[in-house]
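Contents: one structure, followed by commentary.
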Amino acid sequence: MSEPVIVTDDGGVRTVRINRPEKKNALTQAMYAEMTRALREADASDSIRCVVFAGAPGAFCAGNDIADFLKAAQGGSDLHALGFVEEIARSRTPKVAAVGGVAVGVGTTMLFHCDHVVASVEATFSTPFLKLGLLPEAASTLLAPMRMGYARAFALLAMGRPLSAQDAKDAGIVNAVVEAGQLDAVALQAAWEIAALPPKALAVTRALLRGDLDEILKRITLESSHFRDLLQSDEARVAFMQFLARKK
């Protein structure tokens with residue numbers, strides 16, 4: 001059986017490929033932990049200059065594996081999902097995303113922490129958090145309005161209205177829309193271009209462009225606090241039961 005997260009290095013570029021196609025790349029807590037490790041190692045390396053997030057054919061990431069997520073949350077264990085969103089926010093290594101197919105939940109919100117995003121023409125972006133009785137995460141309640149404006153951010157994050165690849169490009173989430181067969185090549189080309197930039201100048205420029213990291217991390221913590229409270233609510237319990245019943 002293939003590993004659900006495949007990490008490969010090619011010179012200065014590390015590719016982190018989510019590889020659980022039978023579940024449309026829904027993330028388990030173990031997968032979050034592996035992606036967090038990959039980011040930490042990249043930051044600690046002198047040779048890795050850029051990280052590319054990619055998916056398996058047909059899906060970038062379908063968000064949390066709901067059954068796995070509920071098991072971890074109800075068991076009172078630490079959620080590796082939170083560790084990942086904190087790590088991708090503070091990671092100093094530039095990040096490129098190659099989004100093909102669905103990008104649901106964190107599959108969309110993690111893109112606000114990527115420096116360059118390439119999407120295939122059939123990619124779709126959605127954040128149905130409220131439909132599960134929860135709220136958006138990864139500091140998206142801060143970053144999305146700044147990037148998209150309040151109206152489009154509310155439609156995406158609160159109303160759960162999906163975006164097409166072109167919609168996401170128009171909203172400033174995606175840099176380029178390409179044919180599916182070109183996705184990985186175009187994303188890797190961008191990663192090599194970034195990796196070739198002078199590292200010190202790039203680090204300073206990137207930090208200034210991204211803004212106040214403390215504010216971003218503070219918003220992640222605030223969202224997480226509300227998220228945990230809502231996870232115990234009757235609204236969320238009913239929504240999760242309905243979701244899992246539909247899956248069965």
So which residues in the range 4-49 are farther than 23 Å from G101 by Cβ, within 16 Å of the chain's Cα centre (by Cα) and aliphatic (A, V, I, L, M), if there are any at all?
A33
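Mind checking which residues of the range 218-248 are among the hydrophobic types (A, V, I, L, M, F, W, C) and at pLDDT 90 or above?
Within the range 218-248, the first condition is being among the hydrophobic types (A, V, I, L, M, F, W, C), and the residues that meet it are 220, 222, 227, 230-231, 236, 238-241, 243-245.
Selection gives I220, L222.
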Filter result (assigned to a helix (DSSP H, G or I) and either of a type in the set (D, E) or surrounded by fewer than 21 Cβ atoms within 10 Å (Cβ to Cβ) (or both)) within the range 145-178:
P145, M146, R147, Y150, A151, R152, F154, A155, Q166, D167, K169, D170
For A187, indicate whether it is in contact (Cβ under 8 Å) with a residue 40 or more places away in the chain and in contact with a strand residue (DSSP E or B) (Cβ under 8 Å, 6 or more places away or on another chain).
yes
Restricting the first residue to the range 222-248 and requiring it to be touching a residue at least 12 places away in the same chain (Cβ under 8 Å), which pairs with a second residue that is polar (S, T, N, Q) meet a Cβ separation below 6 Å and a spacing of at least six or different chains?
none
I'd like to check something: does the range 129-144 contain any residue that is among the aromatic types (F, W, Y) and surrounded by fewer than 16 Cβ atoms within 10 Å (Cβ to Cβ)?
no
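Quick check, is A119 buried (at least 19 other Cβ atoms within 10 Å of the Cβ), at pLDDT 95 or above, of a type in the set (A, V, I, L, M, F, W, C) and outside any helix (DSSP H, G or I)?
On the way: buried (at least 19 other Cβ atoms within 10 Å of the Cβ): yes; at pLDDT 95 or above: yes; of a type in the set (A, V, I, L, M, F, W, C): yes; outside any helix (DSSP H, G or I): yes.
Judged against the criteria, A119 is a match.
One line per residue, one yes/no per condition, for (1) in contact (Cβ under 8 Å) with a residue 12 or more places away in the chain; (2) touching an Asp or Glu at 6+ places or on another chain (Cβ under 9 Å); (3) closer than 30 Å to S233 by Cβ:
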position	(1), (2), (3)
V7	yes, yes, no
G12	yes, no, no
E22	no, no, no
A26	yes, yes, yes
C61	yes, no, yes
K71	no, no, yes
V85	yes, yes, yes
G100	yes, yes, no
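The values are calculated or read from the model by the stated rules, or taken from the named source; none is laboratory data. In this text, all values refer to a predicted model and were calculated from it rather than measured experimentally. Using ideal geometry, Cβ is built from the backbone for each residue, glycine included, and neighbour counts are taken over all protein chains shown.
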